[in-house]
Amino acid sequence: MKVGGFLRHQDGSRTGSTTTGSEAGDVKSDIDRNERQSSVPKALSAPPYTNGAPVSRRWPRHRRTVGLARTLLSETLARWSLGTLNDAAAVVLSELLTNAVCHAHTSPGREIETHFLLVQDGVRIEVHDSATQLPRLRPVDLAADDGRGLLLVAALADGWGVSERIGVGKAVWAVLAVRGTGADS
């Protein structure tokens with residue numbers, strides 16, 4: 001199982017990694033090591049934003065889920081005074097959730113989860129599904145109607161990746177930050 005991601009820094013540079021573990025224990029230790037080394041901000045639950053409690057919801061594997069989840073994200077960002085992230089966050093969520101709805105081949109009745117977490121200067125968007133197949137960036141086929149979603153996520157997010165989750169499946173995540181609010185500004 002490959003697990004990885006990247007992080008875009010204030011200066012525009014990117015760091016990232018993909019690890020391959022031969023066994024579940026190897027992957028878990030690789031994830032733990034990568035998360036300790038990562039500068040992706042951890043979730044906050046206190047000011048400067050109001051009501052910064054994480055927002056989690058389970059959704060059926062249905063296309064209408066994407067629009068409903070975007071509405072929930074927009075309301076959440078407004079409550080957290082992060083409305084400036086709404087357009088980019090809506091595209092990122094749409095792409096991650098559409099991938100889960102369309103490509104996560106799971107047993108009937110399995111649901112998809114979204115988690116929105118307030119992080120330093122932004123939001124972490126997570127989409128959890130029970131499929132074990134990992135998303136991957138593909139070369140762009142100009143004749144194809146699909147295959148560009150993760151490229152959009154990579155372009156809009158300050159970081160994105162894939163992590164294991166409790167139970168079966170994976171969590172695909174992206175972090176978006178408000179520009180000009182970091183310590184390096």
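Using the structure shown, decide if E126 is outside any strand (DSSP E or B), of a type in the set (D, E, K, R) and buried (at least 16 other Cβ atoms within 10 Å of the Cβ). Spell out the reasoning first.
Numbers: outside any strand (DSSP E or B): no; of a type in the set (D, E, K, R): yes; buried (at least 16 other Cβ atoms within 10 Å of the Cβ): yes.
For E126, the condition - outside any strand (DSSP E or B), of a type in the set (D, E, K, R) and buried (at least 16 other Cβ atoms within 10 Å of the Cβ) - is not met.
Look at region 134-178 and say how many of its residues are of a type outside the set (V, I, T), at pLDDT 80 or above and surrounded by 13 or more Cβ atoms within 10 Å (Cβ to Cβ). Let's see the steps before the verdict.
At the first step, the residues of region 134-178 found to be of a type outside the set (V, I, T) are 134-139, 141-152, 154-161, 163-165, 167, 169-171, 173-174, 176-177.
The next check asks that each one be at pLDDT 80 or above; those that pass are 134-135, 149-152, 154-161, 163-165, 167, 169-171, 173-174, 176-177.
Now restrict to residues that are surrounded by 13 or more Cβ atoms within 10 Å (Cβ to Cβ): 134-135, 149-152, 154, 156-161, 163-165, 169-171, 173-174, 176-177.
Going through region 134-178 one residue at a time, the tally reaches 23.
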request  = Hey, can you tell me all the residues within region 129-164 that are within 25 Å of R179 (Cβ to Cβ) and in a loop (DSSP other than H, G, I, E, B)?
outcome  = L137, R148, A157, D158
task = Kindly check whether there is at least one residue in region 97-111 that is part of a strand (DSSP E or B), at pLDDT below 95, within 18 Å of the chain's Cα centre (by Cα) and within 22 Å of A53 (Cβ to Cβ).
result = no
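Can you find a residue in region 13-25 that is modelled with pLDDT under 80, under 21 Å from G159 (Cα atoms), part of a loop (DSSP other than H, G, I, E, B) and not hydrophobic (A, V, I, L, M, F, W, C)?
Within region 13-25, the first condition is being modelled with pLDDT under 80, and the residues that meet it are 13-25.
Within this subset, residues satisfying the condition of being under 21 Å from G159 (Cα atoms) are 13-20.
Next, only the ones that are part of a loop (DSSP other than H, G, I, E, B) stay: 13.
This time we only want the ones that are not hydrophobic (A, V, I, L, M, F, W, C), so: 13.
Yes, some residue in region 13-25 is modelled with pLDDT under 80, under 21 Å from G159 (Cα atoms), part of a loop (DSSP other than H, G, I, E, B) and not hydrophobic (A, V, I, L, M, F, W, C).
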task = State yes or no: is L118 crowded, with 22+ Cβ neighbours inside 10 Å and at negative phi?
result = yes
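The values are calculated or read from the model by the stated rules, or taken from the named source; none is laboratory data. Small disclaimer: the values here were computed from a predicted structure and weren't measured. Counting neighbours? That spans all protein chains shown, and the Cβs are built from the backbone with ideal geometry, glycine included.
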